[in-house]
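Participant: Could you have a look at this structure, given as structure tokens, before my questions?
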Amino acid sequence: AMRLAAVLAALRPVLPLVLGLSLGCSLSLLRAAWGPPGGADQRCPGPEGPPGVGGAQPEEADGRPAPGHEEFRPRIVPYYRDPSKPYKKVLRTRYIQTELGFHERLFVAVLTSRATLNTLAVAVNKTVAHHFPRLLYFTGLRGTKVPHGMVLVAHGDERPIWLMYETMRYIHQHFGADYDWFYVMQDDTYAQAEQVKALVTHLSINQDVYLGRAEEFIGGDEQARYCHGGFGYLLSRSLLLKLRPHLDSCRNEILSVRPDEWLGRCIIDFLGITCVSQLQGQHYHTYELAKNTEPEKEEEEEFQAALAVHPVSDMTLMYRLHKHFSRVQLDRTYQEIQDLQMQIRNLTALTPAGEAGLTWPVGINAPFLPKSRFEVISWDYFTEQHLFSCPDSSPKCKFSGASKADIGEIIESALDELNSRYQPLLRFSKRQLLNGYRRFDPTRGMEYTLDLLLEAVTQKGHSHVLAKRVSLVRPLSKVEIIPMPYVTEATRVQLVLPLTVQDLDYVANFLDVFAMNTLDTHDNALLTLLLVYHPYDAQRVSQVDVFAGVKAMVGELEKRYADVKIPWISVKTEVPSQVKLMDIVSKKHPVDTLFFLASVWTEVNVEFLNRCRMNTISNWQVFFPVHFQEFNPALVFRSEQSAASPGSDVLRDGRFDRHSFSEACFYNSDYMAARTKLAADMLERDEALENMEVFDVFLHYSGLHLFRAVEPGLVQKYALRSCNPRLSEELYHRCVLSNLEGLASRSHLAMALFEQEQANST
């Protein structure tokens, strides 16, 4: 009995597992016995037709999609290799959307002309263009100056029928394989972009769609309709693909004065499809504007629900229409928010937590709940003029720019909300902000708590001063992924190192680090030295070369690494301006060279070089990293024990030097383009170039993105920089500030002063 008890005690932990497996096997056998005798391949007909109708797409007997449905299923694009060509590695697509053959949703074409290109077309571009994913302008005019921010396709013939023919052919050739829907409109049409995008999301792409404002042909068939071009019309991809082979026949056989009638007749004659204003439960609402119409006073329901409005006579009317419909859309959005909040309140009452589980504001995520004291989000105290928690650890700093505007807007919003709640009984006006608190909650947004000193005035004119505490939240908006061009980490980086006489003590360390981190690892990086001679040293170079030691170290490196060449360029100048030096280097390298402009204190490593490659995009973005500057060890480590502690944090005893712009990553082509604009503006004045850095050239004379970010991969040892007084006042001031702020932190300086006073007192 004891032995049996011991066995049962040993098997008790695995007993649930054994019972579960036994029960699962039994149920599986029972289910197999109860299945239909025909097996899994037998299909049941639907209520409305043969198998496959009403559910998934029809399939053939072998399981493949039926004809006509292949285009609307995700598929793997097959790889085909030509046997006559040598084998090459397969290049996978960057996005899974491309590999599965997905299409973009909507392409918009705007027909314009010579007379309206700089007026109505510009108004369309400023009002609705940024709401559409892709928009192009088509005209018959060539050789004209394209307004800023517009992509124009000129066909070279302004005849309306020819313009429509060429536009359809161009859309099919360049975008037919990439988009599901094509919306064509004129520049005298105002279209509600958000409504158009919502319309295509509710339509099935598995149909030939010709949707717009249906109009009768003059003297034609009563059943046939064409879509009026003034109100825009929507074409599906399948219809465009079927129409393309017949465009040439339509151009030769169909005579018409209006391009929209010509297109409608072409679609009807060759495809048998007529224009409709309603499809799949979706209505294409339009409104025809009368002369001298004032959008603000239009109250007709047809106008308010219009998806497209025509004709728009001038730019001012276009902007007024956009303002009106934007306000309508905003009011509709606010109403939807209120409806959703009411539904949330009603549903929350039915939850186990009840109304206690309702968050404020309704619909916004609840505040972050810290799990320990280390996760508590602190509040920052502020007044109308000052913030008492500054980024540079200062106890007090003045509001300016966007921060000041933010505080003003928050106070104004609080007053508006109070007045909307209590008027007409009370009317509030601000006297003073007593206290202000704010914190950023990553789960919901910026939170504010305001103590306001208010003056409340009643309907009878009596006033009373009172203090009121209000809470506000600026919620996080929808996160948007900004598309960026694709770059790789295989690009060769050309390091450029300017050297002066004051830098000679640090050259050896730079070359050693460069050899260890790039040459030993065979990284795709090269180095070019710029030896900046003072005119006095240049005259004595035959007797005494101040850079003889540098040249000797370069020779040793070239002997150690046989396949490495480190060229140097000698420059004679009193003021080593970045722009002047880069002008010399730029002319000696190809236009596709990726430059990394370094300083002698830079410690190059593979990690940063890869970030330099990834963050620098030709004709798009330049990268100016903010290096980490270590503090003076004599002030930070006042004892040898603390200075030699191996466990200290690398990025702890120092700061990111935001005053320095000595490091930069950019392409030679981008620099040359910006330098050309600078030359035209400055007329090659040397004193102007001496007051500028490469950062200023890109900032003022290029349309590129300037990416300025802290770079933990660039760590520089402490060194007292020599500031050239011949530079501009701003550059000299920045250099001095960099030296002063790089000495030590406030706590280290305070401790050093305290110890010095203690030593003096004794």
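The values are calculated or read from the model by the stated rules, or taken from the named source; none is laboratory data. Since this is a predicted model, take the numbers as computed values, not measurements. Note that each Cβ is placed from the backbone with ideal geometry, even for glycine, and that neighbours are counted across all protein chains shown. For accessibility, only protein heavy atoms count, side chains too; no ligands or nucleic acids. Shrake-Rupley method; radii C 1.70, N 1.55, O 1.52, S 1.80 Å.
Participant: When you scan region 410-432, do you find a residue that is part of a helix (DSSP H, G or I) and within 28 Å of the chain's Cα centre (by Cα), even just one?
Facilitator: In the first step, residues of region 410-432 are kept if they are part of a helix (DSSP H, G or I); the result is 410-422.
So of that shortlist, the ones also within 28 Å of the chain's Cα centre (by Cα) come out as 410.
Yes, some residue in region 410-432 is part of a helix (DSSP H, G or I) and within 28 Å of the chain's Cα centre (by Cα).
Participant: Restricting to region 143-188, give me the number of residues that are under 25 Å from the mean Cα position of the chain (by Cα), farther than 21 Å from Arg105 by Cα and either exposed (fewer than 14 other Cβ atoms within 10 Å of the Cβ) or outside the structural domain of Gly264 (by the TED database) (or both).
Facilitator: Counting residues in region 143-188 that are under 25 Å from the mean Cα position of the chain (by Cα), farther than 21 Å from Arg105 by Cα and either exposed (fewer than 14 other Cβ atoms within 10 Å of the Cβ) or outside the structural domain of Gly264 (by the TED database) (or both) gives 2.
Participant: While we're here: With respect to the numbered conditions (1) open to solvent by less than 90 Å² (accessible area, probe 1.4 Å); (2) of a type outside the set (A, V, I, L, M); (3) touching an Asp or Glu at 6+ places or on another chain (Cβ under 8 Å), which one is the sole condition not fulfilled by Ser403?
Facilitator: (3)
Participant: Given (1) open to solvent by 70 Å² or more (accessible area, probe 1.4 Å); (2) closer than 30 Å to Asp339 by Cβ; (3) of a type in the set (Phe, Trp, Tyr); (4) free of Cβ contacts under 8 Å to residues at least 60 places away in the same chain, identify the lone condition not met by Phe388.
Facilitator: Going through (1) open to solvent by 70 Å² or more (accessible area, probe 1.4 Å); (2) closer than 30 Å to Asp339 by Cβ; (3) of a type in the set (Phe, Trp, Tyr); (4) free of Cβ contacts under 8 Å to residues at least 60 places away in the same chain one by one, Phe388 breaks only (2).
Participant: What's the number of the condition Thr201 fails, among (1) touching a helix residue (DSSP H, G or I) at 6+ places or on another chain (Cβ under 8 Å); (2) hydroxyl-bearing (Ser, Thr, Tyr); (3) more than 23 Å from Leu317 (Cα to Cα)?
Facilitator: With respect to (1) touching a helix residue (DSSP H, G or I) at 6+ places or on another chain (Cβ under 8 Å); (2) hydroxyl-bearing (Ser, Thr, Tyr); (3) more than 23 Å from Leu317 (Cα to Cα), Thr201 is out only on (1).
Participant: All but one of (1) in a loop (DSSP other than H, G, I, E, B); (2) outside the structural domain of Pro498 (by the TED database) hold for Asn760, so report the exception by its number.
Facilitator: The single condition Asn760 does not satisfy is (1).
Participant: Might you check whether a residue that is under 28 Å from the mean Cα position of the chain (by Cα) and either open to solvent by 60 Å² or more (accessible area, probe 1.4 Å) or closer than 26 Å to Arg746 by Cβ (or both) occurs anywhere in region 452-475?
Facilitator: First pass over region 452-475, keeping only residues under 28 Å from the mean Cα position of the chain (by Cα): 472-475.
Pick out the ones that are also either open to solvent by 60 Å² or more (accessible area, probe 1.4 Å) or closer than 26 Å to Arg746 by Cβ (or both) and you get 474-475.
Yes, the conditions are met somewhere in region 452-475.
Participant: Can you pull out every residue in region 618-648 that is among the aliphatic types (A, V, I, L, M) and modelled with pLDDT under 90?
Facilitator: Kept after step one, since they are among the aliphatic types (A, V, I, L, M), are these residues of region 618-648: 622, 626, 634-636, 643-644.
Of everything in region 618-648, those that are among the aliphatic types (A, V, I, L, M) and modelled with pLDDT under 90 turn out to be Ala634, Leu635, Val636, Ala643, Ala644.
Participant: Another question, then. Check off (1) under 34 Å from the mean Cα position of the chain (by Cα); (2) part of a loop (DSSP other than H, G, I, E, B); (3) surrounded by fewer than 16 Cβ atoms within 10 Å (Cβ to Cβ) for Gln335 and give me the number that stays unchecked.
Facilitator: The failed condition is (2).
Participant: With region 204-292 as the region, which helices (runs of 4 or more DSSP H) entirely inside it contain at least 2 residues that are aliphatic (A, V, I, L, M) and surrounded by 17 or more Cβ atoms within 10 Å (Cβ to Cβ)?
Facilitator: In region 204-292, 237-243, 259-271 are the helices (runs of 4 or more DSSP H) which contain 2 or more residues that are aliphatic (A, V, I, L, M) and surrounded by 17 or more Cβ atoms within 10 Å (Cβ to Cβ).
Participant: Contact list please: Cβ distance under 8 Å, first residue in region 137-162 and among the acidic types (Asp, Glu), second residue modelled with pLDDT under 85, pairs at least six apart or on different chains.
Facilitator: Pairs that qualify, where the first residue is among the acidic types (Asp, Glu) and the partner is modelled with pLDDT under 85, are Glu158/Leu141.
Participant: Restricting attention to region 293-313, which residues are over 23 Å from Ala198 (Cβ atoms) and loosely packed, with under 14 Cβ neighbours inside 10 Å?
Facilitator: Taking region 293-313 as the starting set, the residues that turn out to be over 23 Å from Ala198 (Cβ atoms) are 293-294, 296-297, 299, 311, 313.
Listed by number, the residues that qualify are Glu294, Glu296, Lys297, Glu299, Ser313.
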